[in-house]
1. Could you please find all residues in segment 21-43 being among the aromatic types (F, W, Y) and modelled with pLDDT of 95 or more?
2. Looking only at segment 21-39, count every residue that is in a strand (DSSP E or B) and open to solvent by less than 50 Å² (accessible area, probe 1.4 Å) and tell me the total.
3. Based on what the data block shows, is I12 at pLDDT 95 or above, buried (at least 16 other Cβ atoms within 10 Å of the Cβ) and among the β-branched types (V, I, T)?
4. Inside segment 54-64, can you point out the residues that are open to solvent by 100 Å² or more (accessible area, probe 1.4 Å) and more than 23 Å from E13 (Cα to Cα)?
5. Output the residues belonging to segment 40-72 that are more than 13 Å from the chain's Cα centre (by Cα) and part of a strand (DSSP E or B).
6. For segment 62-74, check the following and say yes or no: at least one residue is at pLDDT below 95, touching a helix residue (DSSP H, G or I) at 6+ places or on another chain (Cβ under 9 Å) and either over 22 Å from E4 (Cβ atoms) or of a type outside the set (F, W, Y) (or both).
Amino acid sequence: MSKEKEMIERNIELSAEFSRYVFEHPEIEEKISIETEVILLPEFDNELREFNLQLGKSIENEGGKVIYISIKEIRPKAYSRIEKIELESIG
């Protein structure tokens with residue numbers, strides 16, 4: 001897998017997490033202009049942070065508006081929020 005594709009995949013995952021965060025904290029969305037590109041800067045992933053910083057600078061150099069959002073921490077992946085199940089055969 002190319003490095004750029006890997007960065008894109010990591011950004012997709014991080015963007016999904018950020019969307020969930022904004023859903024739970026709608027006051028954040030009110031502070032972000034619709035014309036602004038959101039650039040996520042994860043402090044726990046230096047490689048992705050540098051990739052995104054360069055992307056943001058490129059957008060700015062082309063005249064675009066950018067807001068940088070530093071993400072300080074992220075919780076470990078949880079695949080499901082279900083805590084307990086019971087299997088039952090019907091029929």
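1. none
2. Looking only at that region, the number is 2.
3. No, not satisfied.
4. Within segment 54-64, N61, E62 qualify.
5. Listed by number, the residues that qualify are K65, V66, I67.
6. Scanning segment 62-74, I find at least one residue that is at pLDDT below 95, touching a helix residue (DSSP H, G or I) at 6+ places or on another chain (Cβ under 9 Å) and either over 22 Å from E4 (Cβ atoms) or of a type outside the set (F, W, Y) (or both), so the answer is yes.
Condition check ((1) open to solvent by 80 Å² or more (accessible area, probe 1.4 Å); (2) small (G, A, S)) across all residues:
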| site | (1), (2) |
| --- | --- |
| S19 | no, yes |
| L41 | no, no |
| N52 | no, no |
| I67 | no, no |
| K77 | yes, no |
| L87 | yes, no |
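The values are calculated or read from the model by the stated rules, or taken from the named source; none is laboratory data. In this text, all values refer to a predicted model and were calculated from it rather than measured experimentally. FYI the Cβ positions are ideal-geometry reconstructions off the backbone, even for glycines, and counts take in every protein chain you see. These area figures cover heavy atoms from the full protein model, side chains too; ligands, DNA and RNA do not enter into them. Shrake-Rupley method; radii C 1.70, N 1.55, O 1.52, S 1.80 Å.
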